[in-house]
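The values are calculated or read from the model by the stated rules, or taken from the named source; none is laboratory data. Predicted model, so just to flag it, every value in this text is computed and none were measured. Cβ atoms come from the backbone with ideal geometry, glycine included; neighbour counts cover every protein chain shown.
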Amino acid sequence: MMEKVILIRYSEMHLKGQNRKIFEKIFMKNLKLALGDIPYTLVQIKGRYLLENFNSQDSNKIVEKVKRVFGTHSISVATKVKSDIDIIFQCIQTYLKEYCLTKQTFKIQTNRADKSFPLNSMQISSTLGGMVLKNFKNLAVDVHNPDYLINIDMRENGFTFISYATIAGAGGLPVGSSGKGLLLLSGGIDSPVAGHMIAKRGMEIFCIHFHSYPYTNLQARQKVEQLAKLLSTYTGKIQLYLINVTDIQEQIHKLCPSEMMITILRRFMIAIADKLAKQIGIQTLITGENLGQVASQTIEGITSSNAVTSLPVLRPLIGFDKEEIIARARAIGSFEISILPYEDCCTVFLPKHPLIKPKLAEVERAEKKLDIEKLILAAFENMEVVEFKL
Ligand code: ATP
Ligand code: MG
């Protein structure tokens, strides 16, 4: 009996001691969510998950989906056979006959959990290695840098898994194991990357986006929806809250010094996000801010927006260079969407010379002209929600 199986190893969960069971449960749930209605069975065996009983043509699709689930350390597509040297060799032979046609090197690496098996792991490796050398004249052993690393994983229950490659997973912790965060998602390059980073640490992500429809167009909205949808392919699910800030911008434009436009608008965004987070039980805000990148992202700018929320604000990109952020955006697939030319908030209202170092007291004084409470409530009244699922 030779059966294709997929082994899924998870990362970091060993660090969590008592909480491990909870983490494993969330991870299992997220794996199931990612796999949708593909047929398979999933069981947990010591330190890993074993996916069986799937159609072999689904194998690549399954690997691609599992790879993205945070908490996945690595994946191997393996063959499951009875723990018997001849049967194991037969399996290796079938593989080598298909793939190793030229002069190449190999190494056999064995892990034996079954202590009742008569050979120890070294003996298993060398016995099988000898059999390969005898039958494949084109192959030589190289223990340091082999072309083919053959992994033999002999389990306690009389079965052995044989695999030839380890595929890296997304790493991190399973989404849902580190609380909830509300990501301020613009259409730019930075915020999707920030959301991805925090989701990777196990946080469940919700998104809020501010737009200036009809000054900003429908394509701008679709762009943000596309970004939220992309994030949902990593997290399983994303709720996107859309808030129109046109009235707020018009009021600031009319009543406040023009160089404070960005600072005050940013304070409205944070205040609205704070209110929404508290309403739906979210513990933190997340932004794509980056120290010194643009005028509003000085420590003075950050101070002025922190003043309107009592929640912690996570800024995972704070110390990154733009190139580092772009590299990450490319890696997660958001870059191509982010560079589409549609603006998020209306640029009509943006001043030529924004205040780079806004003083909190002056900003607060300027804001006195606005009915902040009323503007925020009105913005909430027109809030829309869109949900994206895997
Ligand atoms: P990004 O690339 O994420 O747009 P940025 O470098 O353009 O960032 P800013 O435009 O100053 O920087 O925005 C800083 C952060 O404020 C963003 O990363 C995002 O978290 C939040 N933000 C800005 N505009 C919006 C918006 N229209 N809707 C929601 N959040 C926003
Ligand atoms: Mg931006």
* Any chance you could count how many residues in the stretch 294-304 are touching a residue at least 40 places away in the same chain (Cβ under 8 Å) and surrounded by 15 or more Cβ atoms within 10 Å (Cβ to Cβ)? => 6
* Would you pick out the residues in the stretch 197-213 that are assigned to a loop (DSSP other than H, G, I, E, B) and aromatic (F, W, Y)? -> Y213
* To do: Output the number of residues of the stretch 154-170 satisfying the condition of being surrounded by fewer than 18 Cβ atoms within 10 Å (Cβ to Cβ) and touching a Ser or Thr at 6+ places or on another chain (Cβ under 7 Å).
  => 5
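Identify all residues within the stretch 345-359 that are touching an Asp or Glu at 6+ places or on another chain (Cβ under 8 Å), in a loop (DSSP other than H, G, I, E, B) and either among the hydrophobic types (A, V, I, L, M, F, W, C) or on the phi > 0 side of the Ramachandran plot (or both); write none if there are none. If you could, list the steps in order and put the result at the bottom.
Quick first cut of the stretch 345-359, residues touching an Asp or Glu at 6+ places or on another chain (Cβ under 8 Å) only: 349, 351, 353-359.
Right, trim to in a loop (DSSP other than H, G, I, E, B) and you get 351, 353-359.
L355, I356, listed by residue number.
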* Only one residue in L227, L265 is crowded, with 19+ Cβ neighbours inside 10 Å and in contact with a Pro (Cβ under 6 Å, 6 or more places away or on another chain). Which one? -> L227
* Filter the stretch 335-344 for residues that are at pLDDT 85 or above and either part of a loop (DSSP other than H, G, I, E, B) or more than 16 Å from ligand 2 (Cβ to nearest atom) (or both) and give the result. => E336, I339, L340, P341
* Structure fact -> With criteria (1) buried (at least 23 other Cβ atoms within 10 Å of the Cβ); (2) within 14 Å of ligand 2 (Cβ to nearest atom); (3) assigned to a loop (DSSP other than H, G, I, E, B); (4) not basic (K, R), A194 comes up short on (3)
* Asked: Hey, G179 hits all of (1) more than 30 Å from E64 (Cβ to Cβ); (2) more than 16 Å from ligand 1 (Cβ to nearest atom) but one; which does it fall short on?
  -> (1)
* Asked: Which strands (runs of 3 or more DSSP E) does the stretch 94-161 wholly contain that include 1 or more residues that are under 19 Å from V77 (Cα atoms)?
  -> 104-112, 148-154
* Quickly run through the stretch 279-304 and pick out the residues that are assigned to a loop (DSSP other than H, G, I, E, B) and within 13 Å of ligand 2 (Cβ to nearest atom). => T287, G288, E289, N290, Q293, V294
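Consider Q251 carefully, then state whether it is modelled with pLDDT of 95 or more and either in contact with a Leu (Cβ under 8 Å, 6 or more places away or on another chain) or not in a strand (DSSP E or B) (or both). Explain how you work it out, then say what you get.
Numbers: modelled with pLDDT of 95 or more: yes; either in contact with a Leu (Cβ under 8 Å, 6 or more places away or on another chain) or not in a strand (DSSP E or B) (or both): yes.
Considered against the rule, which asks whether it is modelled with pLDDT of 95 or more and either in contact with a Leu (Cβ under 8 Å, 6 or more places away or on another chain) or not in a strand (DSSP E or B) (or both), Q251 comes out as yes.
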